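What follows is one structure encoded as structure tokens, with my remarks underneath.
The values are calculated or read from the model by the stated rules, or taken from the named source; none is laboratory data. Worth saying up front: this structure is predicted, and the values here are computed from it rather than measured. All Cβ positions, even for glycine, are placed from backbone atoms using ideal geometry, and neighbour counts span all protein chains on display. Ligands, DNA and RNA are stripped out before the accessible areas are found, and what is left, the full protein with its side chains, is counted by its heavy atoms. Shrake-Rupley method; radii C 1.70, N 1.55, O 1.52, S 1.80 Å.
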Amino acid sequence: MSRFLRWFARFVLPPLALFVLVLIVWHSTVAAFGIKRYLVPKPGDVIAAGWSNRATLLAAAMMTGKAAVAGFACSFVAGLLTACVFSQSRTIQRSVYPYAIFLQTVPIVAVAPLIVNWFGYGLLSVVVVAFVISVFPIITNATTGLTAIDRNLLELFELAGASRWQTLWKLRLPASVPHLATGAKISSGLSVVGAIVGEMFAGSGMDQPGLGYLITQSSGFLKTDYLFAAVWTSAVLGIVIFGAVSIFSAWIISRWYGDAIAS
């Protein structure tokens, strides 16, 4: 129990205390200045709106989470495959990498309408938007991990007569695991952002609306307390997905280094 208390005091208590402080300051500011509810509601109003619409928010979070996870999975696979190609050819890397940077620098709100025109309204467009916004960190970190290899190890594999495939599979990919984990954590958070942005443009065609659609709808009707509740739900969803990816990444890294040390 003492170990749990130390962990709670170190990692949970500080952000929890800050959150409570923010709520107190928020409530006090709104009450002191008499800010209208449709501009900034009190935290109690947001909690009440979230509780009264909890079923809708939960269903929307599940839909947004489905799109975000699908976009993240596609970005991880595509980003890793692209990085593997980059690691085998500097010419291809120098030719294609600027376009990957272009994909990241173009504002997603400018690309999303085009994606809707190409793929139509619905879940597919939302997944594509989540993919576009989350693929670049995977490409960047995986490429770094696959190419930042000790020259002595590469020469050792060459002396042993290893093929390009054997070097990639047995040297480059294992060495890139920490970089892949970093890229996955960044990409997982961005995939939630991409899913919500995608739903703002393409969510009207979905059987079950996501959080992005609820945010747009509540904002249009000035239901600010409901809007805040949807934003809070989005934040919780992002934390859950990021936390799951972080825990899995830490487990993979610990097992990899544990096996490496053991051998």
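Carbon and sulfur together cover what percent of the accessible area of the chain at a 1.4 Å probe radius? Show your work: numbers first, answer last.
Working: 10800 of 15290 Å².
Carbon plus sulfur share of accessible area: 71 percent.
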Legend entry - VAL240/LEU81 FRET efficiency (R0 41 Å; Cβ-Cβ; nearest 0.05): 0.90
Inset, instruction - Determine how large the accessible area of THR91 is when every protein chain is in place; take a 1.4 Å probe and give Å² rounded to the nearest 10. - result: 90
Inset, instruction - Using only Cα atoms, find the angle between the long axis of helix 90-105 and the longest principal axis of the chain, and express it within 0 to 90 degrees, rounded to the nearest 10. - result: 0
Legend entry - Under 30 Å from the Cα of LYS185 - lysines, other chains or at least 8 residues apart: LYS66, LYS170
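Can you give the net charge of the other residues whose Cβ lies under 14 Å from the Cβ of ALA49, counting K and R as +1 and D and E as -1? Spell out each step's value before the answer.
Values: positive: ARG37, LYS42, ARG54, LYS223; negative: ASP45, ASP225.
Spelling it out: positives minus negatives among the neighbours equals +2.
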Inset, instruction - Measure nothing but the geometry: give the 0 to 90° angle between the long axis through the Cα atoms of 13-33 and the longest principal axis through the Cα atoms of the chain, rounded to 10°. - result: 30
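With charges only on Cβ, +1 for K and R and -1 for D and E, what is the dipole size of the chain about its Cα centre, in debye, rounded to 20?
Values: 17 positive and 8 negative charges, 81 e Å.
Using Cβ point charges on Lys, Arg, Asp and Glu, the chain gives about 380 debye.
Could you do me a favour and compute the accessible area per residue for the chain, 1.4 Å probe, result in Å²?
For the chain, the per-residue accessible area is 58 Å².
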Inset, instruction - Just read off the accessible area of ARG90 with the full protein assembly in place, 1.4 Å probe, to the nearest 10 Å². - result: 140
Legend entry - Spin-label model distance (nm) - ALA110 vs ALA250, 7 Å beyond Cα toward Cβ: 3.9
Inset, instruction - Subtract the Cα-Cα distance of VAL22 and VAL40 from 0.36 nm times their separation in residues, and report this length gain in nm to one decimal. - result: 5.1 nm
Legend entry - Accessible-area order (highest first, 1.4 angstrom probe) of the listed residues ILE215, ILE92: ILE92, ILE215
Inset, instruction - Counting only C-alpha contacts under 8 Å and six or more residues apart, can you give the relative contact order of the chain as a whole percent? - result: 27
Inset, instruction - Pull up the cross-link candidates among the aspartates and glutamates for LYS36, meaning alpha carbon to alpha carbon under 13 Å and not fewer than 8 places away within one chain. - result: ASP45, ASP225
Inset, instruction - Heads up, I need the accessible area for PHE4: 1.4 angstrom probe, whole protein in place, Å², nearest 10. - result: 110
Legend entry - In degrees, nearest ten, helix 108-119 long axis to first principal axis of the chain (Cα): 80
Legend entry - Kirkwood-type radius of the chain, with distances r between different C-alpha atoms, in Å: 21.0
